[in-house]
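Throughout, read-outs are computed from the coordinates displayed, never taken from laboratory work. Quick caveat: nothing in here was measured; it's all calculated off a predicted structure.
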Amino acid sequence: MISRAVSGLLISNDAVVLVGRGGRGGETVWAPPGGKVEPGESLQQAVEREFAEETCLEVEATGLVGYLEIWSDVQQFGLWVWLVSQVVGVTQNAIAGSDAQGLRIQRTSEIEKLPLAPGVRELFARLGLV
């Protein structure tokens with residue numbers, strides 16, 4: 001069964017907010033904040049909740065910009081990607097929270113240098129970010 005997941009893209013001044021995730025072999029891989037949709041949640045609510053949990057930033061998700069199906073040895077999920085247009089609040093200093101292993105604001109011109117989570121490079125290519 002394919003799980004439903006969301007991701008939020010906050011892009012400002014040619015930089016994007018990314019969170020670190022545990023990759024194979026313990027390597028940190030980078031992706032926009034996001035995660036699984038909880039029962040009863042809309043996709044927009046899930047993006048806003050996940051963004052807050054992983055970055056401590058309260059945001060407004062304003063529009064769907066992409067969809068990917070991601071298949072790996074351990075999981076399969078449909079990923080709905082939303083544009084996050086503004087920060088509407090901060091729960092504390094912006095830090096990696098929840099299951100995120102790190103938080104960074106990365107210049108779009110330097111994204112290619114990072115180890116990215118599965119599907120992220122394809123997503124960024126589709127959106128013209130790499």
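Among [x] 2.53; [y] 0.97; [z] 2.25, only one was calculated for this model; which label is it, if the read-out is Cα Rg over 2.2 N^0.38 Å? It is the value labelled [y].
Compare VAL87, VAL29, VAL47 in a GNM of the chain, Cα atoms joined below 10 Å, and give the one with the largest fluctuation. Answer for the Gaussian network model of the chain: VAL87.
GNM remark for the chain: springs join alpha carbons under 10 Å apart, and the peak mean-square fluctuation among TRP30, TRP80, TRP71 falls on TRP71. Helical runs assigned H by DSSP (4 residues or longer) give the chain a calculated mean residue ellipticity at 222 nm of -4500 deg cm²/dmol, each run adding -39500 (n - 2.57) before division by the residue total. Taking amide hydrogens as placed 1.01 Å from N in the peptide plane, the amide H of ILE11 sits under 5 Å from those of VAL84, each at least 5 positions away in sequence or on another chain.
For the residues ALA15, ALA46, ALA100, a GNM of the chain with alpha-carbon springs under 10 Å puts the largest fluctuation on ALA15. Sequence gap at least 6, Cα distance under 8 Å: using those rules, report the relative contact order of the chain to the nearest whole percent. Relative contact order for the chain comes out at 32 percent.
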